[in-house]
Amino acid sequence: VRDCLRGRIYPQQGKVQLGGIKEYVEKLKNVDRIIIVACGTSWHAGLVGEYLIEEYARVPVEVEYASEFRYRNPIITEKDLVIAISQSGETADTMAAIELAKEKGATIFGICNVVGASIPRLTHAGVYTHAGPEIGVASTKAFTAQVTALTLMAFYIAQQRGTITESKLIEYLTELNQIPTLIETALKANDHVKMIADKFKDATNCLFLGRGSSFPVALEGALKLKEISYIHAEGYPAAEMKHGPIALIDEDMPVVFIATKNSSYEKVISNIQEVRARGGHVIGIVSEGDTVVKEMADYVIEIPQTSEAFVPLLATIPLQLLSYHIAVMRGCNVDQPRNLAKSVTV
Ligand code: F1P
């Protein structure tokens with residue numbers, strides 16, 4: 001994350017620079033639709049990107065599974081900007097989605113971790129995340145780096161289009177500059193998370209719920225648990241719980257809530273009450289110093305207080321740790337989960 005931030009933001013001047021896409025400033029000023037294509041964890045990062053780009057740059061964004069997009073007949077024009085996200089840069093579905101969009105004349109940006117991989121070579125422009133090699137198969141630091149790149153992109157586009165004031169940009173970039181330190185603070189919860197993992201290591205199901213940009217974080221928390229510990233897990237927008245998943249809740253169902261002190265805090269609290277009333281066990285990812293969720297939940301994990309824009313970067317950390325510890329306790333190989341390939345090239 002430090003690498004991703006370094007040299008790219010100038011908090012005092014309220015300026016973001018993204019060298020890889022600087023030739024496309026005019027395109028960004030006038031773009032009226034962005035389509036994000038990706039698979040797995042990278043698709044979850046794309047959903048965070050949708051929230052950030054729509055919120056700050058006010059450009060409509062669609063996020064598509066590349067594995068679906070490539071096989072249907074999507075409407076794409078030369079006016080569209082397609083952002084392809086991939087850790088490995090070799091995912092066959094994402095490459096096919098890029099080829100399809102290119103044929104229709106769209107401009108393609110890439111967000112990729114591996115320098116010189118196939119995907120960056122197929123794109124017109126893009127940024128590298130420089131997160132370092134992912135030792136394991138399941139993406140972890142690549143996700144935080146992708147979200148950081150998308151955060152920078154959202155502010156960069158907002159700056160070009162004038163949809164954010166200079167003072168707001170200074171405020172956000174100053175906070176963004178602190179994120180590496182806050183991530184280090186979030187990592188200090190490791191032993192506490194390990195203790196919680198021990199309580200839930202024998203679970204057979206788990207729900208992850210969040211609102212706004214915490215919804216893709218919930219999806220990612222569930223995917224990590226599935227991928228490395230083989231526990232069935234689902235991520236849902238907390239507000240969707242009443243439309244179906246609530247039927248699953250009983251004393252055998254742990255529910256992880258991303259319940260940080262942001263715009264949807266009060267609403268998430270009512271969702272927690274609904275789970276408690278049905279005997280479900282609650283693990284809350286909360287802002288430092290929270291007392292309300294602490295009273296209601298079985299366990300809470302604190303992360304530093306931050307603006308809504310940056311919650312995904314911090315809230316992901318305890319979820320990754322939780323999956324990691326549960327997987328190790330269950331005797332799973334966290335680096336090489338069964339049936340998963342580092343890059344899905346077919
Ligand atoms: C996409 C992905 C990963 C997942 C696994 C299989 O890869 O779905 O998110 O963890 O490795 O592939 P990529 O396109 O981001 O390399």
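Brief remarks follow.
- Take every DSSP beta bridge whose two residues both sit in the chain; close to 5 percent of them are antiparallel.
- FRET efficiency for D298 and R72, using Cβ-Cβ distance with R0 set to 35 Å, rounded to 0.05: 0.25
- Here the peptides 224-237, 142-155 are ranked by packing, the mean other Cβ count within 10 Å, and the order with the highest first is 142-155, 224-237.
- For the chain, the 222 nm mean residue ellipticity estimated from helices alone, with every DSSP H stretch of n ≥ 4 adding -39500 (n - 2.57) and the total spread over all residues, rounds to -13500 deg cm²/dmol.
- Shape summary of the stretch 2-184, radius of gyration then Dmax from alpha carbon positions: 15.4, 46 Å.
- Test item: Cα-centred dipole of the chain, Lys/Arg +1 and Asp/Glu -1 on Cβ, debye: 600 debye
- Our summary gives the chain a relative contact order of 19 percent, counting only alpha carbon pairs under 8 angstrom and 6 or more residues apart.
- Hull shadow area, averaged, the stretch 238-278 [alpha-carbon convex hull, nm²]: 2.8 nm²
- By average C-beta atoms within 10 angstrom, highest first, the peptides 115-121, 206-212: 206-212, 115-121
- Estimated FRET transfer efficiency when R0 is 41 angstrom, pair E99-A277 (beta carbons, to 0.05): 0.20
- For the stretch 165-297, the relative contact order comes to 20 percent (Cα pairs under 8 Å, sequence separation of at least 6).
- Modelled label reach - E175, point 7 Å along Cα→Cβ, the stretch 284-313 residues with backbone N closer than 11 Å: 305-312
- Charge dipole of the stretch 198-346 about the Cα centre (unit charges at C-beta), most positive-ward option of G212, Q336, S270: Q336
- For the chain, the alpha carbon positions stretch 54, 47, 36 Å along the principal axes, listed from largest to smallest.
- Taking the stretch 147-171 and a reference point 7 angstrom along Cα→Cβ of Q12, the backbone N atoms nearer than 15 Å belong to 170-171.
- Once the C-beta distance of K242 and S167 is scaled by a Förster radius of 45 Å, the resulting FRET efficiency is 0.70 to the nearest 0.05.
Since every read-out is calculated from the coordinates, none of them should be taken as a lab result. Predicted model only: the values in this text are computed from it and were never measured. Positions of Cβ are generated from backbone atoms using ideal geometry, with glycine treated the same way; all protein chains shown enter the neighbour counts.
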